[in-house]
1. Can you say whether Asp28 is within 8 Å of ligand 1 (Cβ to nearest atom) and surrounded by fewer than 24 Cβ atoms within 10 Å (Cβ to Cβ), as far as the supplied structure shows?
2. Scan the range 3-42 residue by residue and report those that are among the aliphatic types (A, V, I, L, M), farther than 30 Å from Thr100 by Cβ and touching a residue at least 40 places away in the same chain (Cβ under 8 Å).
3. Being of a type outside the set (Lys, Arg) and within 16 Å of ligand 3 (Cβ to nearest atom) narrows it down to one of Ala46, Ala58, Ala78, so name that one.
4. Take the residues of the range 139-185 that are touching a residue at least 24 places away in the same chain (Cβ under 8 Å), in a loop (DSSP other than H, G, I, E, B) and among the aliphatic types (A, V, I, L, M): which is nearest to ligand 3 (Cβ to nearest atom)?
5. Please indicate, with yes or no, whether at least one residue in the range 115-138 is among the hydroxyl-bearing types (Ser, Thr, Tyr) and assigned to a helix (DSSP H, G or I).
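The values are calculated or read from the model by the stated rules, or taken from the named source; none is laboratory data. This one's a predicted model, so the numbers in the text were calculated from it and none came from an experiment. Every residue, glycine as well, gets a Cβ built from its backbone with ideal geometry; the counts of neighbours run over all protein chains shown.
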Amino acid sequence: MDVALARSWIAAIAAAVAEQADYLTQLDSAIGDADHGVNLNRGFTAVAAALSSAAEPAAVGDVFVKTGTTLVSKVGGAAGPLYGTAFRAIGKALPAGSSTVDAAELGVALRAGLAAVQKLGAAVPGDKTIVDAYGPAVAAFEKAAEEGLAVAARAAAEAAAEGMRATIEMVARKGRASYLGPRSVGHQDPGATSTWLVFQALADVTR
Ligand code: ADP
Ligand code: MG
Ligand code: MG
């Protein structure tokens with residue numbers, strides 16, 4: 001992955017979030033406060049603007065640090081800080097100054113992003129959150145990394161989709177949905193769904 005591909009990934013996330021904003025918000029209206037799509041769309045619109053106005057970053061990691069910093073500053077709610085922290089951690093975990101990174105290096109960085117999400121939000125697998133899509137996605141990415149970025153990204157997107165669907169049966173234990181307790185069962189988690197969009201975007205731009 002080079003700087004241009006990193007930017008393409010973020011642009012693809014922004015496009016997917018814009019296209020699916022109503023769907024994400026609908027999911028959040030069932031078990032939250034009906035703003036997940038609005039929140040992320042505002043955030044990634046700001047990210048796209050920040051990336052296009054700034055000078056071309058020299059390193060892949062810089063693209064993700066800028067993405068994360070912008071999300072943290074522009075998006076309220078739970079998901080903004082969580083995604084922002086994830087992208088900052090991904091950027092910081094990549095080799096400093098590198099204009100290209102390989103699949104193994106990106107795998108390490110994605111793992112660091114997951115750790116940052118869990119450190120900030122204290123969610124574990126099964127809590128019906130972002131972690132339930134992100135965790136399986138990183139594991140699948142790492143397992144396939146030797147086969148190259150495109151294969152790893154596809155595996156990650158498939159695992160994220162499976163993890164997202166598995167949240168339907170879960171009882172929410174973190175975030176607003178946890179206020180519903182068992183009544184959260186039967187609804188797909190909005191954050192796990194947007195995480196699937198993130199990995200699907202990576203598969204799309206690397207294919
Ligand atoms: P808010 O709930 O503050 O309105 P959003 O609607 O943007 O924020 O995001 C909701 C999503 O955030 C949930 O669907 C869930 O996936 C995720 N989330 C909430 N709390 C946590 C947490 N502690 N750890 C990981 N993800 C979380
Ligand atoms: Mg919400
Ligand atoms: Mg909210």
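1. Numbers: within 8 Å of ligand 1 (Cβ to nearest atom): yes; surrounded by fewer than 24 Cβ atoms within 10 Å (Cβ to Cβ): no.
So Asp28 fails the test.
2. Correct list: Leu24, Leu27, Ala30, Ile31.
3. Numbers: Ala46 fails: within 16 Å of ligand 3 (Cβ to nearest atom); Ala58 fails: within 16 Å of ligand 3 (Cβ to nearest atom).
Step by step, each of Ala46, Ala58, Ala78 is checked, and only Ala78 is of a type outside the set (Lys, Arg) and within 16 Å of ligand 3 (Cβ to nearest atom).
4. Going through the qualifying residues, I end up with Ala172.
5. Step one: filter the range 115-138 for residues among the hydroxyl-bearing types (Ser, Thr, Tyr), giving 129, 134.
Filter once more, so that each one left must be assigned to a helix (DSSP H, G or I): 134.
Looking through the range 115-138, at least one residue is among the hydroxyl-bearing types (Ser, Thr, Tyr) and assigned to a helix (DSSP H, G or I).
So that you can scan it fast, the table gives a plain yes or no per residue for (1) more than 8 Å from ligand 1 (Cβ to nearest atom); (2) surrounded by 23 or more Cβ atoms within 10 Å (Cβ to Cβ); (3) farther than 18 Å from Ala79 by Cα:
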residue: Ala116; (1), (2), (3): yes, no, no
residue: Val124; (1), (2), (3): yes, no, no
residue: Asp127; (1), (2), (3): no, no, no
residue: Tyr134; (1), (2), (3): yes, yes, no
residue: Ala150; (1), (2), (3): yes, no, yes
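For every residue, the table says whether it meets (1) within 16 Å of ligand 1 (Cβ to nearest atom); (2) surrounded by fewer than 24 Cβ atoms within 10 Å (Cβ to Cβ); (3) modelled with pLDDT of 95 or more.
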| site | (1), (2), (3) |
| --- | --- |
| Ala96 | no, yes, yes |
| Thr100 | no, yes, yes |
| Arg165 | yes, yes, yes |
| Asp189 | yes, no, yes |
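Yes/no per residue for (1) at pLDDT 95 or above; (2) in contact with a Pro (Cβ under 9 Å, 6 or more places away or on another chain); (3) assigned to a helix (DSSP H, G or I); (4) not basic (Lys, Arg):
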site	(1), (2), (3), (4)
Ala15	yes, no, yes, yes
Asp22	yes, no, yes, yes
Asp28	yes, yes, yes, yes
Asp33	yes, no, no, yes
Asp62	yes, no, yes, yes
Gly68	yes, no, yes, yes
Leu71	yes, yes, yes, yes
